[in-house]
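Reading through the structure tokens given below for one structure.
The values are calculated or read from the model by the stated rules, or taken from the named source; none is laboratory data. Everything quoted here is computed from the prediction, not taken from an experiment. Methodologically, a virtual Cβ is constructed for each residue, glycine included, from the backbone with ideal geometry; neighbour enumeration extends over all protein chains shown. Please note that ligands, DNA and RNA were not included when accessible areas were found on the heavy atoms of the full protein model with its side chains. Shrake-Rupley method; radii C 1.70, N 1.55, O 1.52, S 1.80 Å.
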Amino acid sequence: MFTLIKNAHIVSPDLEIACGSLLVENNKIAAVSANEITAPAGAKVIDAAGKMVLPGFIDVHCHGRNNFDFCDGSAEGVQLIAENKLAEGVTTLLPTTLTVSEEQLAAALSSIAKCDQSRSCRIPGVHLEGPYINPKCAGAQNPAFVRLPDAAEVDRLNAVFPVKKITYAVEMDGGVEFTSAMLTRGITPSCTHSGAKYSDFAKAHQAGLRNLSHFCNQMTPLHHRDIGLVGAGLLHLDVYAELICDKLHIDPAMIKLVFQTKGAEHVILITDAMRAAGMPDGEYDLGGLPVLVANGAARLKDGGALAGSTLQLATAFKNVVEVTGLPLKEAVKATSLSAAMSLKLFDRGRLEPGFLADIVLLDKDFNVCNTIVGGVELYTRC
């Protein structure tokens, strides 16, 4: 089966073609050209009409959407979230859990395992955010369920559905050893909700830590006597930093600083979206904690701490381009390639022959128009 996308503004890491063609054969990209490609017999033809054609977005940190949360344990909710993420241009998703009981986590993973991925974005595994965090840095996580790093618990959960990434606090007892244990299992360790000193980070970095979740949020700030986790992320250029680029979680000047310091190839755009994403303002909950959403900003009802976001990745991409002034072929690295590399998913994140045909089309205002997963058009808006 062939699909030809013509009259396309092709944007891929280190590649930009103002008007070109892209040919898909079955589930992979067969050719990318600045010239017109003749459509094979029987090929589906999509006229991009000048729209941007990019690698499908990868969201490694998303809790929910459409008034569902992955921790609800609802198979119906998981399916709805995974299908509606296509409207955001997301082709690979890591459903992200919360700091809750093991029983609730197991139920959540069981519901995720039931998702029909032939109708949704790809789900190669889950992201456990917690429960092994610092209770003093819980933020919008429920401190009642915080516990010490436990590789055996992760193994039990991994048997229900693959765990691909885990966010934890490296300074907790056993944190450094936990880093090594996760790497031996093929799970990406990532630190946040942490009060770690730079010395704590350095030990975990030596053990293989290369990721910091929602960078700058719920982690030790930069200080001239101890650079903390923020300083560590800026200093160590081999560390991937997740950013919630809604201009609320991270100030535009900080967004610009992070990109200038690290380069887009080591920044991962995330939504950290909660159940209110795609929904009107109102009252919701996150892990059992009441949340008020006003003007799209989600905050705990008690205390006002930010409680995830309602952000979509196309908007995050637009914000980055506007704030940093980076060329599209650079900024696009943060939407997919960096996430793919951090998770060792080497078959996606570029529009090149041999890569998965996971593709998103955006109009000039960065609105998602079409989403293609494995060569199959699963979402069409315009």
Checklist line | Degrees separating the helix 102-113 axis from the principal Cα axis of the chain, which is the longest one | finding: 10 degrees
Check: With every protein chain left in place, what is the accessible area of residue 52 in Å² (1.4 Å probe, nearest 10)?
Finding: 10 Å²
Checklist line | Residues of the stretch 95-159: accessible area per residue with a 1.4 Å probe, Å² | finding: 37 Å²
Item checked: Stokes-Einstein D in µm²/s, Kirkwood radius over Cα pairs - the stretch 265-342 at 20 °C with 1.002 mPa s viscosity -> 156 µm²/s
Item checked: Reach of residue 364 by Cα under 30 Å, taken over lysines that are not fewer than 8 positions away in the same chain -> 6, 28, 44, 51, 85, 247, 256, 262, 318, 329, 333
Check: Once you list every other residue whose beta carbon is under 10 Å from the beta carbon of residue 98, what net charge do they have if Lys and Arg are +1 and Asp and Glu are -1?
Finding: -2
Check: Between residue 328 and residue 248, what length comes free when the chain is fully extended (0.36 nm per residue of separation minus the Cα-Cα distance, one decimal in nm)?
Finding: 26.5 nm
Item checked: Under 14 Å, Cβ to Cβ, from residue 80 - net charge with Lys/Arg +1 and Asp/Glu -1 -> -1
Notebook entry, point to check: Got a number for the accessible area of residue 265? Probe 1.4 Å, square angstrom, nearest 10.
Noted result: 80 Å²
Checklist line | Per residue value of the accessible surface for the stretch 223-262 (all protein chains in place, 1.4 Å probe), Å² | finding: 44 Å²
Notebook entry, point to check: Cα-based Rg of the chain per 2.2 N^0.38 Å, rounded to two decimals?
Noted result: 0.95
Notebook entry, point to check: Rounded to the nearest 5, what is the percent of antiparallel bridges among the DSSP beta bridges in the chain?
Noted result: 55 percent
Checklist line | Where a label projected 7 Å from the Cα of residue 321 along Cα→Cβ would reach, residues of the stretch 263-289 with amide N under 12 Å | finding: none
Notebook entry, point to check: Which distance in nm do the two modelled labels at residue 152 and residue 185 give, with both placed 7 Å along the Cα-to-Cβ direction?
Noted result: 1.3 nm
Notebook entry, point to check: Once both labels are modelled 7 Å past Cα along the beta-carbon direction, what's the residue 103-residue 257 spacing in nm?
Noted result: 4.5 nm
Note to self: Out of the chymotrypsin sites (Phe, Trp or Tyr not before Pro) in the stretch 289-376, which ones are loop residues according to DSSP with at most 15 other C-beta atoms within 10 Å?
What the structure shows: 346
Checklist line | Dipole in debye (nearest 20) - the stretch 164-310, about Cα centre, beta carbon charges: Lys, Arg +1; Asp, Glu -1 | finding: 260 debye
Next item on the list: Just round it to a whole percent: the fraction of Cα-Cα distances in the stretch 48-164 exceeding 20 Å.
Entry: 42 percent
Notebook entry, point to check: If you roll a 1.4 Å probe over the stretch 1-96 with all protein chains in place, what percent of the accessible area is carbon or sulfur?
Noted result: 47 percent
Checklist line | Pairwise centroid distance, computed over Cα atoms, of the stretch 33-98 with the stretch 342-382, Å | finding: 7 Å
Checklist line | Carbon + sulfur, % of accessible area of the stretch 172-313 - ligands and nucleic acids excluded, 1.4 Å | finding: 54 percent
Checklist line | Residue-level accessible surface for residue 9, protein heavy atoms, 1.4 Å, Å² | finding: 40 Å²
Next item on the list: Set the Förster radius R0 to 41 Å, insert the Cβ-Cβ distance between residue 285 and residue 352 as r into 1/(1 + (r/R0)^6), and round the FRET efficiency to 0.05.
Entry: 0.45
Next item on the list: Would you tally the net charge around residue 204, using a Cβ to Cβ cut-off of less than 12 Å, leaving residue 204 out, and scoring K and R as +1, D and E as -1?
Entry: 0
Next item on the list: Using 0.36 nm per residue of separation minus the Cα-Cα distance, give me the extension gain between residue 381 and residue 305 in nm, one decimal.
Entry: 23.9 nm
Check: Just how far, in whole angstrom, is the stretch 281-330 from the stretch 168-212 if you go by their alpha carbon centroids?
Finding: 26 Å
Note to self: Per 0.36 nm of contour for each residue apart, how much would the distance between residue 31 and residue 45 grow if the chain were fully extended, relative to their Cα-Cα spacing?
What the structure shows: 3.6 nm
Notebook entry, point to check: What order do you get for 160-166, 283-289 when each peptide is scored by the mean count of other beta carbon atoms within 10 Å, highest first?
Noted result: 160-166, 283-289
